[in-house]
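Undergrad: I'd like to ask some things about the structure below.
The values are calculated or read from the model by the stated rules, or taken from the named source; none is laboratory data. What you see is a predicted model; the values in this text were computed from it and never measured. Reconstructed Cβ throughout: ideal geometry from the backbone, glycine too, with neighbour counts over all protein chains shown. To get the accessible areas, we keep the full protein, side chains included, count just its heavy atoms, and leave off ligands, DNA and RNA. Shrake-Rupley method; radii C 1.70, N 1.55, O 1.52, S 1.80 Å.
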Amino acid sequence: MSDVILEIRDVETYYGKIHALRGISFSVEAGEIVTLLGANGAGKSTTLRTISGLNRAKAGSISFMGEEITTKSPHEIVSMGLIHVPEGRRIFKGMTIKENLELGSFTLKDESERRRRMEHVYELFPVLHERRQRDAALLSGGEQQMLAMGRALMTDTKLLLLDEPSMGLAPFMVQGIMKIIKRLNAEGVTILLVEQNAKAALKLADYGYVLETGEIVVKGKAGKLQQDESIVKAYLGE
Ligand SMILES: Nc1ncnc2c1ncn2[C@@H]1O[C@H](COP(=O)(O)OP(=O)(O)OP(=O)(O)O)[C@@H](O)[C@H]1O
Ligand SMILES: [Mg+2]
């Protein structure tokens, strides 16, 4: 039986007069890794921002774990376990790595639970443990990405929205981040992954959607999309 965790129906989002999402519909099943691909400006980040409540859908509906979230605040959505790691990471510079992680657990009341989660993040990313007392601004790009993902894991994450986690990373770092995504998924976190690196994303994902100027133009099992020459050429580059 399929168990849909996220359902997007006919969603339209605008920036003033710019019609960024033109009626998109798709769903994510619990336990899956789904990737959202497309060229610059296609609407990938807008899709994630609309799901997490940072942008408002002007039409359509979004439901998460069977509950409509279309008009909920970002804060309410986070507390339901739907966590968004935005483009460009948004770590807090001028704060230590440990403080950045603590900020991720603001919805957790239980101190021992917070400590348990922090240890889990340090186990996933040993480099964050080594540098926990250092200013987050001193981390490399890849390490900042780890911190952003680690912060998302400081709370009870059911669905993780990742916006281009591989951006700007060296190839070996990309592999490392993809491995971590796979591990999180194996631990029960459902993942919606936006990527420019279509090859890496399709390798990891169960299912893929391609966005073009605010519309979904292609969808299918990741393995199928990977093998379809015309799709790869037309939409996925290289
Ligand atoms: N804050 C904003 N104000 C006005 N227009 C915006 C804003 N953010 C995005 N847009 C426009 O909305 C469209 C979709 O942008 P979006 O950022 O969702 O694309 P994307 O697929 O994430 O692209 P990229 O791969 O470059 O990150 C683009 O035409 C973009 O110019
Ligand atoms: Mg984007």
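Undergrad: Restricting to region 56-90, name every residue that is assigned to a loop (DSSP other than H, G, I, E, B) and not basic (Lys, Arg).
TA: Of everything in region 56-90, those that are assigned to a loop (DSSP other than H, G, I, E, B) and not basic (Lys, Arg) turn out to be ALA57, MET65, GLY66, ILE69, THR70, THR71, SER73, MET80, GLY81, PRO86, GLU87, GLY88.
Undergrad: Could you figure out which of (1) open to solvent by 40 Å² or more (accessible area, probe 1.4 Å); (2) touching a Gly at 6+ places or on another chain (Cβ under 9 Å) isn't true of ILE69?
TA: (1)
Undergrad: Being under 26 Å from SER52 (Cα atoms) and within 16 Å of ligand 2 (Cβ to nearest atom) is true for just one of HIS84, HIS120. Which residue is that?
TA: HIS84
Undergrad: Has region 154-173 got at least one residue that is in a helix (DSSP H, G or I), of a type in the set (A, V, I, L, M), modelled with pLDDT of 90 or more and open to solvent by less than 10 Å² (accessible area, probe 1.4 Å)?
TA: no
Undergrad: Then there's this: State which residue pairs qualify: first residue within 22 Å of LEU202 (Cα to Cα) and inside region 32-61, second residue among the basic types (Lys, Arg) and surrounded by 22 or more Cβ atoms within 10 Å (Cβ to Cβ) in any location, beta carbons under 6 Å apart, and separation of 6 or more residues or different chains.
TA: Filtered contacts from region 32-61: LEU36/LYS44; GLY38/LYS44.
Undergrad: Still on this structure, I have one more. For region 25-55, give me each residue that is part of a loop (DSSP other than H, G, I, E, B) and over 24 Å from ASP156 (Cα atoms).
TA: ALA39, ASN40, GLY41, ALA42, GLY43
Undergrad: Working carefully through the options VAL189, VAL194, find the one that is within 16 Å of ligand 2 (Cβ to nearest atom), within 26 Å of MET65 (Cβ to Cβ) and hydrophobic (A, V, I, L, M, F, W, C).
TA: VAL194
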